[in-house]
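Enquirer: Provided herewith is a single structure, encoded as structure tokens, for subsequent inquiry.
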Amino acid sequence: MAKAHKPNSGSSGRTKSALHSKAKQLKRKPLTPQHPPQRGGVEMVDPRVQAQLKVYDEALSLFHQQKFAKAKQELEKVLEGPSKELADRARMHLKIAEQRMKPSTEQNPRTADEHYQRGVAMMNIGRWDDARESLDRARKAAPKADYIHYALAALDCLTGEADSAMKNLKVAIELRPENRYHARNDEDFAFLQEDPRFTEMLYPEKDGSGG
């Protein structure tokens, strides 16, 4: 009886190994996951995350404008979103906003910046008289600090004092011309929108005069 011819085990093994390796590579390739688009480490695929990020950006803008009460409301909305990363960031800013909003009755502000911070905190909770007292003290301690004059102008608008608001805003712009652009988009100055003096101050290029 004729024996079955046994193939060369060496060459056959190498061929099998090569085919197996190639098949393995082909199988792996389609399984490689595509990295989802990210922003600051936060995945942007889920439209709910995109919406959460938009609210977070708005909250951060309010936070940097020191409008802590409004920032707090927006930050609380961020906590309800699906991204844990964004919620953690919002929680951190929320703690700071809450601290800034607390009346510092037990503290004794001494520096211009401490008086200013207290004044802004009082503005955020609608305590206008306390806010003015603190901001006036801040201005006396640092008469060249543009942001203090700017805050006083905003307070004047909130309390309906147009003439005083114009004076304080003028000084703030003289000390730092960039304040002109901030005031254009600051809703605290809505009270002055119809005042022609306000328009002339914020848009000097319209009548050709300098600021």
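None of the figures in this text is laboratory data; all of them are computed from the coordinates on show. Nothing here was measured: the structure is a model prediction, and the numbers come from that model. Counting neighbours? That spans all protein chains shown, and the Cβs are built from the backbone with ideal geometry, glycine included.
Enquirer: Among 53-61, 143-151, how do they line up from the highest to the lowest mean number of other beta-carbon atoms within 10 Å? Before the final figure, lay out each step's value.
Expert: Numbers: 53-61: 17.1, 143-151: 19.8.
Going by the mean number of other Cβ atoms within 10 Å, highest first, we get 143-151, 53-61.
Enquirer: Now, a different point. Over the alpha-carbon set of segment 61-150, work out the extent along each principal axis and list the three values in angstrom, largest first.
Expert: Cα spread of segment 61-150 along its principal axes, largest to smallest: 47, 26, 19 Å.
Enquirer: Something else now. Find which of 73, 62, 101 sits farthest along the positive direction of the dipole of segment 43-101, computed with +1 on the beta-carbon of Lys and Arg, -1 on that of Asp and Glu, about the Cα centre.
Expert: 101
Enquirer: Ok, one more. For segment 112-206, with the dipole built from +1 on Lys and Arg beta-carbon atoms and -1 on Asp and Glu ones, taken about the Cα centre, which of 191, 121, 142 lies farthest toward the positive end?
Expert: Sorting the options by dipole projection puts first 142.
Enquirer: What's the magnitude of the charge dipole for segment 112-206 around its Cα centre, counting Lys and Arg as +1 and Asp and Glu as -1 at the beta-carbon? Answer in Debye, nearest 20.
Expert: 280
Enquirer: Of 67/144; 54/144; 70/140; 70/144; 70/167; 67/170, which ones are farther than 25 Å apart at the Cα? Kindly include the intermediate steps, with their values, before the conclusion.
Expert: Numbers: 67/144 23 Å; 54/144 36 Å; 70/140 29 Å; 70/144 28 Å; 70/167 27 Å; 67/170 22 Å.
Pairs exceeding 25 Å: 54/144; 70/140; 70/144; 70/167.
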